[in-house]
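Engineer: Pasting a structure here, questions to come.
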C-alpha cells in the first residue's frame, strides 16, 4: 500500500498568512547570516533537506488521504485536499475506461466533504465514484451541500457514475484483495474509523474522535482495532490539557494516540487533523513534546511518531 496525504488540517481550510511566510523566510536567512560567502547552491541544499516545518508548510487543506494498492485507489474523506488530489489524478492517470475511485467517509461535517464540489474527476462520465458510509442518507447529505442555495452545481450535474454503499457498524467489506472494516468513534454527530488490510499491511484511519470512555471494554475495543497497524493516522488536534477543557468537542491529543499505539503494537503514528489556530512552529512543538513523552514513558519503544503533512507519501 502507498499512502499520500492531501489534506491534514482540522475544522477549516487554513492557508498560511503573510506573517507566517515571512517568519519562515527570516529563519532561512538567519541560517546563513553569519556566512558572507554562502552560495545559492548552499541555499538550495538547505531548502531540499530541511524539515517541512522550517522551509515548507504542514498544510492548510482539510482531511483527505489517498491509498493505492496494485489496482485500487481508495480515498478517505473529502476535505478541501480532495481538489488537489483530483487535479493530480487527471494529470497523471490516463485510462481509456476511466477511473474507479472508492471513497470512504468518516462523517459528513463540512471539513470532510467540502472538497467534493471541486473534485474535477467527478465531472467526467467515464469515471466511477463509489461512496462508502456508515451514516445513513449519504446521498441526501451530499446533495444538500450542493443545493443551489449553497453551490451553483448540483450533485446530479456532476456526470461521473456514482454508487452509494451503505455500511453497517463494524462491518468488513472486500474490494478486490483489500479489506476495510470500521469502528464507531466518539464525535458530535458520530464518526467512524477505518482499518484497511492488503498484502499483509495494515492502515488505520482514526480522526475526529474523543476517547472519553475509559472503561476497559472501550479501551480494549480501540486497541484491538489499532492492533499491529503499520500506520495509524490519529486525531491530534488538541494538546492533552486542551482535550480536558474541551470535553465533548470530539477530538483527541497526541499523547492519547501514543498510549494507544504503544499498547496496540503500532509501527508508525501520524499526528493528524491539526488545529487551525496553530501555525507550523506551534504544531511542531506538539510533535517535540510527543517525542519527549514517548522517550520518558516508553524508552524501549520503537514507535515512529511524525506529523502528517500535505504531500507526504509513505510506502507500507
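The values are calculated or read from the model by the stated rules, or taken from the named source; none is laboratory data. Here the structure is a predicted model, which means the values were calculated and not measured. A quick note on method: Cβ atoms are made from the backbone with ideal geometry, for glycine too, and the neighbour counts reach across all protein chains shown.
Engineer: Of everything in region 292-303, what is surrounded by fewer than 14 Cβ atoms within 10 Å (Cβ to Cβ) and either part of a helix (DSSP H, G or I) or touching a helix residue (DSSP H, G or I) at 6+ places or on another chain (Cβ under 6 Å) (or both)? Give them in sequence order.
Structural biologist: Of all residues in region 292-303, those surrounded by fewer than 14 Cβ atoms within 10 Å (Cβ to Cβ) come to 292, 295-297, 299-300, 302.
292, 295, 296, 297 - these are the residues of region 292-303 that are surrounded by fewer than 14 Cβ atoms within 10 Å (Cβ to Cβ) and either part of a helix (DSSP H, G or I) or touching a helix residue (DSSP H, G or I) at 6+ places or on another chain (Cβ under 6 Å) (or both).
Engineer: Another one. Step by step: first the residues of region 62-100, then only those that are surrounded by 23 or more Cβ atoms within 10 Å (Cβ to Cβ) and in a strand (DSSP E or B), then the one that is farthest from the chain's Cα centre (by Cα). Which residue is that?
Structural biologist: Selected residue: 74.
Engineer: Is it the case that residue 209 is in contact with a helix residue (DSSP H, G or I) (Cβ under 9 Å, 6 or more places away or on another chain), modelled with pLDDT of 95 or more and assigned to a loop (DSSP other than H, G, I, E, B)?
Structural biologist: For residue 209, the condition - in contact with a helix residue (DSSP H, G or I) (Cβ under 9 Å, 6 or more places away or on another chain), modelled with pLDDT of 95 or more and assigned to a loop (DSSP other than H, G, I, E, B) - is met.
Engineer: Among the residues in region 134-142, are any in contact (Cβ under 8 Å) with a residue 12 or more places away in the chain, touching a helix residue (DSSP H, G or I) at 6+ places or on another chain (Cβ under 6 Å) and outside any helix (DSSP H, G or I)? So that I can check it myself, show each step before the final result.
Structural biologist: Within region 134-142, the first condition is being in contact (Cβ under 8 Å) with a residue 12 or more places away in the chain, and the residues that meet it are 134-136, 138-139, 141-142.
The next check asks that each one be touching a helix residue (DSSP H, G or I) at 6+ places or on another chain (Cβ under 6 Å); those that pass are none.
Scanning region 134-142 turns up no residue that is in contact (Cβ under 8 Å) with a residue 12 or more places away in the chain, touching a helix residue (DSSP H, G or I) at 6+ places or on another chain (Cβ under 6 Å) and outside any helix (DSSP H, G or I).
Engineer: With touching a strand residue (DSSP E or B) at 6+ places or on another chain (Cβ under 7 Å) and either farther than 30 Å from residue 28 by Cα or not in a strand (DSSP E or B) (or both) as the only criterion, which of 225, 281, 306 stands out? Before you say what the answer is, go through the steps one by one.
Structural biologist: Details: 281 fails: touching a strand residue (DSSP E or B) at 6+ places or on another chain (Cβ under 7 Å); 306 fails: either farther than 30 Å from residue 28 by Cα or not in a strand (DSSP E or B) (or both).
Sole residue among the options that is touching a strand residue (DSSP E or B) at 6+ places or on another chain (Cβ under 7 Å) and either farther than 30 Å from residue 28 by Cα or not in a strand (DSSP E or B) (or both): 225.
Engineer: Run down 173, 256, 244 and say which single residue is touching a helix residue (DSSP H, G or I) at 6+ places or on another chain (Cβ under 9 Å) and not in a loop (DSSP other than H, G, I, E, B).
Structural biologist: Working: 173 fails: touching a helix residue (DSSP H, G or I) at 6+ places or on another chain (Cβ under 9 Å); 244 fails: touching a helix residue (DSSP H, G or I) at 6+ places or on another chain (Cβ under 9 Å).
After ruling out the rest, the residue left standing is 256.
Engineer: If a residue has to be in contact with a strand residue (DSSP E or B) (Cβ under 7 Å, 6 or more places away or on another chain) and within 15 Å of residue 61 (Cβ to Cβ) to count, how many in region 115-132 make the cut?
Structural biologist: 1
Engineer: Criterion first (modelled with pLDDT of 95 or more, within 30 Å of residue 248 (Cα to Cα), surrounded by 14 or more Cβ atoms within 10 Å (Cβ to Cβ) and under 21 Å from the mean Cα position of the chain (by Cα)) does residue 167 satisfy it? Quick ask: steps written out before the conclusion?
Structural biologist: Details: modelled with pLDDT of 95 or more: yes; within 30 Å of residue 248 (Cα to Cα): yes; surrounded by 14 or more Cβ atoms within 10 Å (Cβ to Cβ): yes; under 21 Å from the mean Cα position of the chain (by Cα): yes.
Yes: the conditions hold for residue 167.
One line per residue, one yes/no per condition, for (1) more than 29 Å from residue 246 (Cα to Cα); (2) part of a strand (DSSP E or B):
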{"residue": "144", "(1), (2)": "yes, no"}
{"residue": "149", "(1), (2)": "yes, no"}
{"residue": "155", "(1), (2)": "yes, no"}
{"residue": "164", "(1), (2)": "yes, yes"}
{"residue": "168", "(1), (2)": "yes, no"}
{"residue": "179", "(1), (2)": "yes, yes"}
{"residue": "189", "(1), (2)": "no, no"}
{"residue": "196", "(1), (2)": "yes, yes"}
